Amino acid sequence: MDWSNILMILVSSISLIITICNIIFERFFNSKNQYIKMKIDNKNIQIAFNTNKDTILEELKNIIESKELNKNLAITIINEYTVKLSNALTDFYPKNTFDISVKRLDEKSNTLYSIGENNSLKKSTAYKVEENTEFNAILNEHYRYFFVSDIDKFDELIMPYKNSNDNWNSLYKSSITVPIAKKQNSIYHIIGFICITSPQSLNNTKKNKKIINLLESTSNELYEILSKIS
């Protein structure tokens, strides 16, 4: 075998070794990066959820325990709560916008009123239970909560969607309603609702379960606060 053949074989062997090394390195590096990215993303989601949940709960409890709760303070707390809740929801759905309100139930008239910024109930805006699918589902059909990520599909495929506001379709596409309730003698007494709407869909099942968990976990504390508003 002459030197030219030996040299060609040597060059080919080195080239093959380099190619194999590149393939191994690329696969290892990419898989490692993917694992790290997945690990960090999951950690961030969990931290964002736990931090918001714990902070809101802790602040609500501290306010109840450390201050004499009256009507004006109760409304201030509720308004602050909706801001914190909006920030928490944005952590779950950064591209979505949310409209959040707390409504007080007048059991005698079967009507709900929003909490106003002027330290009163907005008597000008009334929501009859039977005219709204969300409230009717919880109060009369005994749903634990109402969560529809796409109301158009719900209206088309499940049942007609009713709302006191005839223009609801131009305002939002998804709706979450959770009762503000406290267990009394094995029966939950409902005095109001946390109501959330968004013009965008909420189609991530894992995130939606965490949102419901967050809302239900504050229901008991909000009950004590909302009970001061009549």
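Structural remarks
- Residue pairs whose Cβ atoms lie under 8 Å apart, sitting 6 or more positions apart in sequence or on different chains, and linking a residue in region 110-133 that is at positive phi to a partner that is at pLDDT 50 or above and open to solvent by less than 30 Å² (accessible area, probe 1.4 Å), are N110/V129; N119/I75.
- Within region 202-209, one or more residues are open to solvent by less than 50 Å² (accessible area, probe 1.4 Å) and not charged (D, E, K, R).
- Among the conditions (1) open to solvent by less than 20 Å² (accessible area, probe 1.4 Å); (2) modelled with pLDDT of 90 or more; (3) farther than 27 Å from D166 by Cβ, T90 misses just one, which is (1).
- When each of I158, I229 is tested for being surrounded by fewer than 20 Cβ atoms within 10 Å (Cβ to Cβ) and among the β-branched types (V, I, T), the lone residue that passes is I158.
- Residue within region 206-215 that is of a type in the set (V, I, T) and at pLDDT 90 or above present: yes
The values are calculated or read from the model by the stated rules, or taken from the named source; none is laboratory data. Please read these numbers as outputs of a predicted model, since none were measured by experiment. Heads up, the Cβs are rebuilt from the backbone with ideal geometry, glycines too, and the neighbour counts pull from every protein chain shown. These accessible areas exclude ligands, DNA and RNA; they are computed on the full protein's heavy atoms, side chains included. Shrake-Rupley method; radii C 1.70, N 1.55, O 1.52, S 1.80 Å.
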